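My structure is below; once you've seen it, I'll send some questions.
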Amino acid sequence: MDVKLINPFIDAFMTIMPQVGFQNIARGKVALKEKAADSLGVTALVGLTKEIRGNVAYNMSDETARFIASTMMCGMPVAAFDEMAQSAISELSNMLTANAATNLTALGIEVDISTPSLTIGDGFTVKISDAQYVAIEMIADGHILEINIALK
Amino acid sequence: MEKIRVLVVDDSRMSHAMMDGIISRTNFEICDYAKTSAEAIEKYKILSPDVVTMDMNLPDADGLECSQRILELNPHAKIVMVSAMRDANLMIQGRAIGISAFVQKPLNENELLDTLRMVCQSNEDSLKILEESYVKTFIKVLHKNLFSLAGVHSDMSYELSTEGKLEIDGIAIIIGFTGKPIGRAIVHTDIDTMNQFARAILGRSADEILSDEEANECMEETANIIAGRSVSMINDIFKDKELRITPPGIIVGKKLSIVNPKLTTFNIVASTELGDLKMNIGFAGGE
């Protein structure tokens, strides 16, 4: 997978997260991985088509998902990962991927994105590619969000 | 034709008069006004309007809080936020809690009506279109391909899903759609049925070895074929849809739920002698 395709996703995170209320955004580890990824509890999957095809999976723990939803909703407490919080995470993954798609267009690569699907549960796996994919850890106000990207 | 009922939440009399002026000559009607957040929630409960217009500034709360309370009562409530400020953060927060659309004050007649129409795009009409054009095509393709791939006859049934989430126990293959409309298909089944299907497709008897990986791949390929053929059939019939499918994402686990807020989804079941193969297809409406 071409590494230049990764930056649009990192840039999207850097752009969008402050807009939804986060202060400190940082990039953590980047790794090339294979086979299915273990979900941390909540995984939003968004597909891409057109000039390149693939999937991006936003993987996070239940606690991180609640923290993000709460931050997006102006600090309203989110005790359980309920419908409202699910809608917030789904919307965030949509915004991040749409922004990354805009960044890809700026590189001359047209993409369309599908609707996000949010999977919730304990101990499940997510496979987004038959080949290698890139796993990037992004940190927003101390909470880790893993972005898995497979594109070709 | 039945009128579409609008609850107007705004504390200014002038706004009421303007709203009335715009809406009175259309197929919308104002079913009531609310001047405060508390009043809006009470009236929403009693009247269950088709759509709510929500001013950002109310005497007892802001429009976001009030919308949040209404969406707690009905997660599918349609709310159009009306605000003098066109603030990006406000829109993001609004979207996050589930507000359908935004219009700016002073109200522009066409903009308001277009937005209300878009948000309310008759559920019944769009359901009929989804069912006839898309769902039935998927059913036809699923039925035909289960026979050609696994050699089994299947009894097909489908229904509009009323559950916001899909329960998964086994494997789920998620394939996204882009084009008109965007959406996704999820083919899912339990592990036992998956293995039965994989054996039938690969021509392996019960005493031959079948790895988990082979079984997963078989299911993935089956889902890919069904989604791909359905979409190309739809594109052949409707020239302007330009539907494309994304590569599959495969979820494996127990007691999972998959949620897609804001999608209209249908559950399709193919009952076969090998077990039930299920498919849930969902489309984003309006936007």
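The values are calculated or read from the model by the stated rules, or taken from the named source; none is laboratory data. Every value quoted in this text rests on a predicted model; they were computed, and no experiment measured them. Please note: Cβ atoms are built from the backbone with ideal geometry, for glycine as well, and neighbour counts cover all protein chains shown. These accessible areas exclude ligands, DNA and RNA; they are computed on the full protein's heavy atoms, side chains included. Shrake-Rupley method; radii C 1.70, N 1.55, O 1.52, S 1.80 Å.
Before we move on, is A:Ile6 within 16 Å of A:Ile128 (Cα to Cα) and within 14 Å of chain B (Cβ to nearest Cβ)? Before you say what the answer is, go through the steps one by one.
Values: within 16 Å of A:Ile128 (Cα to Cα): yes; within 14 Å of chain B (Cβ to nearest Cβ): no.
No.
While we're on this one: Only one residue in A:Gly75, A:Gly21 is more than 13 Å from the chain's Cα centre (by Cα), within 20 Å of A:Gly142 (Cα to Cα), facing another protein chain (nearest Cβ under 10 Å) and in a loop (DSSP other than H, G, I, E, B), so which one is that? Quick ask: steps written out before the conclusion?
Details: A:Gly75 fails: facing another protein chain (nearest Cβ under 10 Å).
The conditions single out A:Gly21.
Here is a further query. Of the residues in segment B:1-26, how many are under 25 Å from the mean Cα position of the chain (by Cα) and in contact (Cβ under 8 Å) with a residue 12 or more places away in the chain?
Going residue by residue through segment B:1-26, those that are under 25 Å from the mean Cα position of the chain (by Cα) are B:2-7.
Going one step further and asking which of them are in contact (Cβ under 8 Å) with a residue 12 or more places away in the chain, we end up with B:3-7.
The number of residues fulfilling the criteria is 5.
For B:Leu47, indicate whether it is touching an Asp or Glu at 6+ places or on another chain (Cβ under 9 Å), over 20 Å from B:Val103 (Cα atoms) and open to solvent by less than 60 Å² (accessible area, probe 1.4 Å). Please lay out each step first, then the result.
On the way: touching an Asp or Glu at 6+ places or on another chain (Cβ under 9 Å): yes; over 20 Å from B:Val103 (Cα atoms): yes; open to solvent by less than 60 Å² (accessible area, probe 1.4 Å): yes.
Taking the combined requirement at face value, the residue satisfies it.
Then there is this: Name, by its number, the condition in (1) assigned to a loop (DSSP other than H, G, I, E, B); (2) more than 14 Å from chain A (Cβ to nearest Cβ); (3) of a type outside the set (A, V, I, L, M, F, W, C) that does not hold for B:Lys241.
Unmet condition: (2).
Just the residues that are open to solvent by 40 Å² or more (accessible area, probe 1.4 Å) and either among the aromatic types (Phe, Trp, Tyr) or on the phi < 0 side of the Ramachandran plot (or both), please, taken from segment A:96-124. Reasoning before the result, please.
We begin by selecting, within segment A:96-124, every residue open to solvent by 40 Å² or more (accessible area, probe 1.4 Å); these are A:98, A:102-103, A:105-108, A:110, A:112, A:122-123.
Across segment A:96-124, the qualifying residues are A:Ala98, A:Thr102, A:Asn103, A:Thr105, A:Ala106, A:Leu107, A:Glu110, A:Asp112, A:Asp122.
Could you give me the residue pairs with C-beta distances under 7 Å whose first residue belongs to segment A:1-17 and is more than 18 Å from A:Asn59 (Cβ to Cβ) and in contact (Cβ under 8 Å) with a residue 24 or more places away in the chain, whose second residue is open to solvent by less than 80 Å² (accessible area, probe 1.4 Å) and in a helix (DSSP H, G or I) wherever it lies, and which are 6+ apart or on separate chains?
A:Pro8/A:Ala100; A:Pro8/A:Asn103; A:Pro8/A:Leu104; A:Asp11/A:Asn103; A:Thr15/A:Asn99
How about segment B:103-202: which strands (runs of 3 or more DSSP E) wholly inside it have at least 3 residues that are open to solvent by 50 Å² or more (accessible area, probe 1.4 Å)?
The strands (runs of 3 or more DSSP E) meeting that bar are B:155-160, B:165-178.
Mind telling me which of the residues A:Leu40, A:Leu48, A:Leu107 ends up being at pLDDT 95 or above and more than 7 Å from chain B (Cβ to nearest Cβ)? Outline the logic, then answer.
On the way: A:Leu48 fails: more than 7 Å from chain B (Cβ to nearest Cβ); A:Leu107 fails: at pLDDT 95 or above.
Just a single option satisfies the conditions, and that option is A:Leu40.
Please work out if B:Ile268 is at pLDDT 95 or above, touching a Lys or Arg at 6+ places or on another chain (Cβ under 8 Å), surrounded by 15 or more Cβ atoms within 10 Å (Cβ to Cβ) and closer than 19 Å to B:Phe138 by Cα. I'd like the intermediate steps shown before the answer.
On the way: at pLDDT 95 or above: yes; touching a Lys or Arg at 6+ places or on another chain (Cβ under 8 Å): yes; surrounded by 15 or more Cβ atoms within 10 Å (Cβ to Cβ): yes; closer than 19 Å to B:Phe138 by Cα: yes.
Yes: the conditions hold for B:Ile268.
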